[in-house]
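In what follows, a single structure is set out as structure tokens and then discussed.
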Amino acid sequence: MKQREFWFIVGSQDLYGQEVLDIVAERSAEIAAELSKVLPYPLIYKVTAQSNAQITKIIKEANYRDEVAGIITWCHTFSPSKMWINGLASLQKPYCHLATQYNVEIPNEEIDMDFMNLNQAAHGDREHGFIAARLRMPRKVIAGHWQDEKVIKRLSDWMRAAVGVAVSKEMKVMRFGDNMREVAVTEGDKVEVQKKLGWQVNTWAVGDLVKEMDAVTEAEIDELMEAYMASYDIATDNITAIRYQAKEEIAIKKMMDREGCKAFSNTFQDLYGMEQLPGLASQHLMAQGYGYGGEGDWKVSAMTAILKAMGEGGNGASAFMEDYTYHLVEGQEYSLGAHMLEVCPSLAADKPRIETHHLGIGMNEKDPARLVFEGKAGPAIVVSLIDMGGRLRLIVQDIEAVKPILPMPNLPVARVMWRAMPDLLTGVECWITAGGAHHTVLSYDVTAEMMRDWAKMLDIEFVHITRDTTPEKLEDELLVKDLIWKLR
Ligand code: MN
């Protein structure tokens, strides 16, 4: 995982005298150091800024340094905001305004005008908030005491969203083959995506992959087989099929690592020279944090890698997913999600099994090996990025995943069962109305608020389908957003 950090920039002015400024600097350093112990990334105190020149200099430096994933600002004292304009106007990193104060309580006996001059965040942060509003800057405002658990959780989530932006800006996607013939929703403007999200999406020949596979040694395959056996139960006698998947995985990983790619897509319609669609291979690559999209869906592939990086430990429980079929019994309405083969084991409730089965679709000469398991229960989201022509729309739906209510013993793939919000059928109506794809990223540890922040940082449209969404309200919202985004 790459080193990332955030900078803590504290606003003040030179009217208070050195003694006050020293206290502000000392406390700000203490807050940053204490928060760094509980936040997912270090927060580095940089400066108690008293001038336009100081603020401009530190923001230029934050822009320049790759390891800086964002800035967090606060005003312990008053900090006249005209001195922030030049710096903020040049800011190219995610920005969070932490409206906090050092103390929790107003000290009844001690409070005097010296205390008031030192502890002015309540009006300092309002002056600071005005200038970001005036500059129409995308930023996150988080209010509360810096030691409060809810504040720390929200700051953590915001940091993860900002890291998602950094990962997005560095994203390179390796495409094997084109999109599945005639499919619309997996298409998209790669130039627009690179401009807005930073992704470099390019194609490599399937023949190059086959050549790379031919160069994989038996020793390399043996080593990966050890890793498979350590993580999964082998529930097939067809070891040859598993070894073939290992060969595919090694070759794909070598090509991606050589090019710096963190995501890939392929299609069952173009496997020329390969005996099996990569199943287990794609699944185990996803378990290592790589993004994947089936049927040439490079958008969902990159999004999978980004959500994984935003999750716990920099490789969370997020996965490429597809809505397959419904259970429509009244009171038991659920979606069944799966894919032909490629569901990431980070979703698994129990240890996955490696199985081999016939795959009727596409050009598979041999039965591909794949991981089979049930997904975990719990609250989650599904995420879809679509190209509306002229702009990108990110759709997030809240879902409740359940232990699959049926054993489905003859289903030869990993499966997840969930109920969409606000209820399955209304949720389906809302999703279809918004244009959401059949491919999604399903995540247990990235939240809708994180995705909203991510979309705001990258300046793309965001649509959230929640417990409270109705199709009528959503239609109106989409109509208004369509107008707004055409004007931008
Ligand atoms: Mn698919």
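The values are calculated or read from the model by the stated rules, or taken from the named source; none is laboratory data. Since this is a predicted model, take the numbers as computed values, not measurements. A quick note on method: Cβ atoms are made from the backbone with ideal geometry, for glycine too, and the neighbour counts reach across all protein chains shown. Surface accessibility is based on the protein's heavy atoms, side chains included, excluding ligands, DNA and RNA. Shrake-Rupley method; radii C 1.70, N 1.55, O 1.52, S 1.80 Å.
Numerical summary
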item	result
Pairs, first of a type in the set (S, T, Y) in the stretch 414-432, second open to solvent by less than 30 Å² (accessible area, probe 1.4 Å) and part of a helix (DSSP H, G or I), C-beta under 9 Å, six or more apart	T426/P471
The stretch 396-413, subset charged (D, E, K, R) and free of Cβ contacts under 8 Å to residues at least 60 places away in the same chain, residue surrounded by the fewest Cβ atoms within 10 Å (Cβ to Cβ)	K403
Condition check for F268: of a type in the set (A, V, I, L, M, F, W, C), within 16 Å of the ligand (Cβ to nearest atom) and over 20 Å from I242 (Cβ atoms)	no
Strands (runs of 3 or more DSSP E) lying entirely in the stretch 350-466 (those with 3 or more residues that are of a type in the set (D, E, K, R) and more than 16 Å from the ligand (Cβ to nearest atom))	392-402
Enumeration of residues in the stretch 135-153 that are open to solvent by 60 Å² or more (accessible area, probe 1.4 Å) and touching a residue at least 40 places away in the same chain (Cβ under 8 Å)	P138, V141, A143, Q147
Check on I142, of a type in the set (A, V, I, L, M), more than 18 Å from F8 (Cβ to Cβ) and either in a loop (DSSP other than H, G, I, E, B) or modelled with pLDDT of 95 or more (or both)	no
Verdict on G360 being at negative phi and either in contact with a strand residue (DSSP E or B) (Cβ under 7 Å, 6 or more places away or on another chain) or surrounded by 20 or more Cβ atoms within 10 Å (Cβ to Cβ) (or both)	no
Residues of the stretch 67-87 satisfying the condition of being of a type outside the set (S, T, Y), more than 9 Å from I9 (Cβ to Cβ) and in a helix (DSSP H, G or I)	K82, M83, W84, I85, N86
Failed item in (1) part of a loop (DSSP other than H, G, I, E, B); (2) more than 30 Å from V165 (Cβ to Cβ); (3) modelled with pLDDT of 95 or more; (4) not aromatic (F, W, Y), with L271 passing the rest	(3)
Positions within the stretch 301-334 being surrounded by 24 or more Cβ atoms within 10 Å (Cβ to Cβ), within 16 Å of the ligand (Cβ to nearest atom) and in a strand (DSSP E or B), in sequence order	A319, F320, M321
Scope the stretch 32-57; condition closer than 22 Å to R4 by Cα, open to solvent by 20 Å² or more (accessible area, probe 1.4 Å) and in contact with a helix residue (DSSP H, G or I) (Cβ under 9 Å, 6 or more places away or on another chain); matching residues	V38, P40, P42, I44, Y45, K46, V47, T56, K57
Residue list for the stretch 147-198, restricted to those being among the basic types (K, R) and either assigned to a loop (DSSP other than H, G, I, E, B) or out of contact with any strand residue (DSSP E or B) (no Cβ under 7 Å at 6 or more places or on another chain) (or both)	K150, K153, R160, K169, R181, K195
Selection count, the stretch 199-216, where residues are buried (at least 17 other Cβ atoms within 10 Å of the Cβ), out of contact with any strand residue (DSSP E or B) (no Cβ under 8 Å at 6 or more places or on another chain) and free of Cβ contacts under 8 Å to residues at least 60 places away in the same chain	2
